[in-house]
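Trainee: Here's a structure for you.
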């Protein structure tokens, strides 16, 4: 399916390149968009093609558009919308400062209704083809004719030096920004803020090559490929579930707390235990759990929001993370539009309190985030949805690749350690881009 997606124009692949029990258990290939909903960068209203401008809050427009579609039985099945919602589109959900001008030149929302959906469900051991405009047998022939899975191309020797990489917050300015966040925390403005650095490089390899490498070297349950017009693309290897809606049950799984992988099994185990016992990282995650519970409480049945799993330690190719699960039951009067307005932008990538944290983010981050820390996934007419948090995400345009990384800053954060964490988080993306990446904490 990956080969077909990368060879098809305007395709989307929601790619569980790393499978976990109950999460990331299927791949979804979406082809042949028949309707496209976009919110141009910085625009005040969405555009539906083929149609016209769609007035009103874009999240209400999404709900209205889905409401005009017939409900399907099993999910995900057509008709549905799939694509991304950027961080800056959160202005239609929360009070946010005007976004920065610098940064990726991508639409703030890009959602399509595809004519063809192929679902490879690994838990069920079945592949299903849904098609509005093609004979399903044609799609199966396409799948059968696709090359057999082979080991993804290894980046091999770095093609680019770290000196070729530019950054919105180089080493010294980044340390100063972390110190400023800590000052705001000590002054009582906030408890935590997520601070991001935008790395970018020109002359990047073709997005298709980069995604093959990324999915191979940094597999994740909520990876994604989104092919856009003009040679642009969004590539994600996210391990964070932002929203999963099944019937009236809604789930979010915030991630906080990061530790690099060890160079040996013994060191790796020691680092796992260090993260599991970290009071700082548990406190950081607890703040975000409380924020997510509050956000879900806006649209969930009173008393239904719970935390069935807390401080779970999960391991990925380049890092260990602490993960929690927050779950609630949506009120009968709360649709997907109300849910998006209640929870966007996500708490794990903003901070607490959310609005003040976003004001500080806007003050200190020189570039807009765009798709990074937005959401990627799908929503259907029956109210089901599955969206990631667009972390570990590369945005490609005109030969330039943006690959941001960030982390939560709290009162006892050490600026140099936070800087080192951003390098660890960006390592897999840099490898996919063929960039030699520093090992030490003061190399950027």
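Taken together, the values in this text are just the output of simple stated rules run on the coordinates, not laboratory data. Just so you know, these numbers come straight off a predicted model, no measurement behind them. No Cβ is skipped: glycine too gets one built from the backbone with ideal geometry, and neighbour counts run over all protein chains shown.
Trainee: Return the distance in nm (one decimal) between the two label points of a simple spin-label model at residue 309 and residue 21, each offset 7 Å from Cα along Cα→Cβ.
Mentor: 0.9
Trainee: Additional query: Let me know the shape class of segment 344-444, please: from the alpha-carbon gyration tensor, a ≥ b ≥ c as square roots of the eigenvalues, rounded when a/c is under 1.5, otherwise prolate if a/b is greater than b/c, or oblate. Working shown, then result.
Mentor: Numbers: a/c = 2.02, a/b = 1.22, b/c = 1.67.
Cα axes put segment 344-444 in the oblate bin.
Trainee: Can you compute the FRET efficiency between residue 290 and residue 266 using 1/(1 + (r/R0)^6), with r the Cβ-Cβ distance and R0 = 41 Å? Round to the nearest 0.05. Can you show the working numbers first?
Mentor: Numbers: r = 36 Å, r/R0 = 0.87.
Taking R0 as 41 Å, the efficiency between residue 290 and residue 266 is 0.70.
Trainee: Sticking with the crude label model, points 7 Å out along Cα→Cβ, report the distance from residue 332 to residue 122 in nm, one decimal please.
Mentor: Output for this residue pair reads 3.9 nm.
Trainee: With labels modelled as points extended 7 Å from the Cα through the Cβ direction, what inter-label distance (nm, one decimal) is found for residue 417 paired with residue 187?
Mentor: 2.4
Trainee: Here is a follow-up. Could you state the number of Å between the C-alpha centres of segment 210-256 and segment 329-356?
Mentor: One Cα centre to the other: 19 Å.
Trainee: Taking Cα pairs under 8 Å and at least six residues apart, what relative contact order does segment 1-84 come out at, in percent? Can you show the working numbers first?
Mentor: Values: 82 pairs, mean separation 13.9, N = 84.
Normalised by residue count, the contact order of segment 1-84 is 17 percent.
Trainee: Can you tell me the relative contact order of the chain? Whole percent, Cα pairs under 8 Å, sequence separation 6 or more.
Mentor: The value is 25 percent.
Trainee: For segment 4-65, what does the alpha-carbon gyration tensor say about shape, rounded, prolate or oblate, given a ≥ b ≥ c as the root eigenvalues, a/c under 1.5 as rounded, and a/b over b/c as prolate?
Mentor: Working: a/c = 2.87, a/b = 1.79, b/c = 1.60.
In terms of gyration-tensor shape, prolate.
Trainee: Counting only the backbone N, which residues of segment 161-198 are under 17 Å from the spot 7 Å out from the Cα of residue 400 toward its beta-carbon?
Mentor: Once the point is set 7 Å along Cα→Cβ of residue 400, 164-170, 197-198 turn out to lie under 17 Å by backbone N, inside segment 161-198.
Trainee: From the Cα gyration tensor of the chain, with a ≥ b ≥ c the square roots of its eigenvalues, which class applies: rounded if a/c is under 1.5, or else prolate if a/b is larger than b/c, or else oblate?
Mentor: Values: a/c = 1.44, a/b = 1.20, b/c = 1.20.
Rounded shape, in that the Cα axes give a/c under 1.5.
Trainee: Further question: Can you tell me the order of 234-244, 391-401, 256-266 when each peptide is scored by its average per-residue count of other Cβ atoms within 10 angstrom, highest first?
Mentor: 234-244, 391-401, 256-266
Trainee: Could I ask something else about it? Using Cα pairs under 8 angstrom and six or more residues apart, how large is the relative contact order of segment 209-345, in percent?
Mentor: 25
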